[in-house]
Every structure is written in C-alpha cells, then in structure tokens.
Amino acid sequence: MTGQKIVDKAKSEGRSVLTEVEAKELLKQAGISVVDTKLATSREEALSISQQLGFPVVLKIASPDVVHKSDAGGVKLDLRTSKQVGKAYDDILKAIKKQYPEAKIQGVSVQKMARPGVEVIIGMSKDAQFGPVIMFGLGGILVEILKDVSFRIVPLARRDAREMIREIKGYPLLEGYRGQEPVDVANLEELILKVSSFIEQHPEVEELDLNPIFAYSDGAVAVDARVILGEG
Ligand code: ADP
Ligand code: MG
C-alpha cells in the first residue's frame, strides 16, 4: 500500500491512530529504517510469517485501541520456535480480550527480533505557536523520569540534528561508555533529518513516536512506531 492509501484507509475507517504495522510501512516508504513487520490475521499466518522472516521473532497486538502494547500483555519478545510463536499468539489475544473487551483487533504483528542496541527515541508533536517540533532523547527511564530530551522546530537543518543529539545529558552514553561501542551518531543525525522531511511531506501527521529506536555502531532501526493523524 502507498503511504497515501495507508492514511486514507485509516481516515475512511474514522481512525486517527495508525497501527504499528501501518506506521512502520509509512515510515519505511520515507526511507526511515524500521524492523521488517508484517500483519498476521490468524495463528497459521503468524507461524508462516515467522518462518519466512526467520527466528527469533517478536509478536505484538495490532489494534488501534491498544496504545501501550506491552503494558497490556500485547508484546512477546525473542520467540525462537513455532511452538513459542503459537503460544504467544494465543496469549496475546487472550490478554487483550480480557483487558480491552471492546478493542478492535486487526491481528498480530510479526517482526524480527532486533539485536540489542542503545535505545533512543525520536518524536514529533505540534506546538500551538511553533508548529511541528521534533524531540530526541535516550530511551527508557532517561526520558520517562529524567526528561533528558532536546527539541528543534521543523524543518531541521543538519546543524540542528547535530546539536540536539549532543546537547542531551546522556550524550556520553552514545559516545561509548565503559567499554561499550560508540553509536553511529552520523546515522542518527540522518535519521532525524529524514523524520523532519517526512513531517514536512505529511502535514496530516499530528504526532509521531519512534520509541524505541535501537542505535548501533553501524546504523539504527526503529522497533516501535506510533503515528497519530490530525486534520492536516
Ligand atoms: P509498547 O507499545 O509497549 O511501547 P513496543 O513495541 O515498544 O511496545 O515494545 C516494548 C519493548 O519491547 C520495546 O521498548 C523494546 O525494548 C522491545 N522490542 C519491541 N520490538 C522489538 C523488536 N522487534 N526487537 C527487539 N526488541 C523489541
Ligand atoms: Mg514502544
């Protein structure tokens, strides 16, 4: 599906939230690196997609009504066999149906288990005065508790991307801390600039969250994505 079709489909269904699968497809088309993710609408399909992608895989609930997937028991990581995939599929649906009996469920997304990296996040929200603003930070508690993030107004220049990465307090973690390999910061700059262009090209996107992105010594990949549509 083209990006416009993904957006049109959601709108025609009266939805402002894109599912992870839809959001990742839209971002992939904009050249943003995301983990290969496919929608399974049955247990059998989840099994065949897992075999196609190759183990280990991750299964997640695909529902526009479930925003925090892992809190609801909707994420199963590091599945190494068909048996584990089948059980994860059943467990996810059971947990979601119990906690969100009203939720519309599209299916379950199947994706490659990404190798561990330094978790970072890139977000976009719209400010009443400044319009779209991009946020960068380190993932996990550094963002949630310490609010160690930086902001720039769209469109960003390369210099903005450079600065916003370097001005967070956690920057030394990206440079390689206590023997850890340094992260490919140039690639993160590139990623931020791609998000900025994506936002310019999609005024209908009201909110964007790439959380987390795994950053490596050779590139980076978003493992979760959330897109909210507005009027645009
Ligand atoms: P939530 O809706 O709860 O934010 P996520 O998709 O972010 O769900 O998954 C929760 C956590 O699971 C992530 O923060 C990440 O640490 C891990 N995770 C998710 N997808 C993958 C993946 N494809 N490979 C490896 N780890 C993943
Ligand atoms: Mg997430």
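Please treat every number below as a calculation from the coordinates, not as lab data. Small disclaimer: the values here were computed from a predicted structure and weren't measured. Methodologically, a virtual Cβ is constructed for each residue, glycine included, from the backbone with ideal geometry; neighbour enumeration extends over all protein chains shown.
Observations on the structure shown:
- Virtual spin-label span in nm between GLU200 and LYS83, 7 Å along Cα→Cβ: 5.4
- The stretch between SER217 and ILE145, if pulled fully straight at 0.36 nm per residue, gains 23.3 nm over its current Cα-Cα span.
- Reachable aspartates and glutamates, given that their alpha-carbon falls under 16 Å from the alpha-carbon of LYS147 and they are not under 8 places away in the same chain: GLU119, GLU167, ASP209
- Choice from GLU190, GLU119, GLU13 showing the highest fluctuation, given a GNM over the chain with Cα pairs closer than 10 Å: GLU13
- Neighbour counts of other Cβ atoms within 10 Å put ARG159, ARG152, ARG166, ARG15 in the fewest-to-most order ARG159, ARG166, ARG15, ARG152.
- Nonlocal amide H pairs with LEU138, under 5 Å, H built at 1.01 Å: ILE121
- Helical segments meeting 18 Å axial Cα length and Kyte-Doolittle -1.0 threshold in the chain (DSSP H): 82-99, 185-201
- With the largest listed first and rounded to whole Å, the semi-axes of the equivalent ellipsoid of the range 157-232 from the Cα gyration tensor are 26, 14, 10.
- GNM result for the chain, Cα springs below 10 Å: residue of ILE141, ILE92, ILE213 fluctuating most strongly: ILE141
- Ranked for footprinting exposure by Cβ neighbours inside 10 Å, fewest first, THR81, THR19 give THR81, THR19.
- When both the range 86-129 and the range 132-171 are represented by their alpha-carbon centers, they are found 24 Å apart.
- Distant alpha-carbon pairs in the chain (separation over 31 angstrom), percent: 23
- Pair ASP90, ALA30: separation of 7 Å Cα→Cβ label points (nm): 4.0
- For the range 196-232 and the range 1-41, distance of Cα centres in Å: 11
- Placing unit charges on the Cβ atoms of the charged side chains and taking the dipole of the range 81-230 about its Cα centre, the candidate lying farthest along the positive direction among PRO132, ILE105, GLY219 is ILE105.
- Cα-projected label distance for ALA186 with ARG43, points at 7 Å along beta-carbon direction, nm: 5.0
- Residue among LYS69, LYS87, LYS194 with the largest mean-square fluctuation in a Gaussian network model of the chain, springs linking Cα atoms under 10 Å: LYS87
- Eligible lysines near LYS76 by straight Cα distance, threshold 20 Å, same-chain separation 8 or greater: LYS24, LYS38, LYS60, LYS87, LYS94, LYS97, LYS98, LYS104, LYS112
- A convex hull fitted around the alpha carbon atoms of the range 57-124 yields 95 Å³ per residue.
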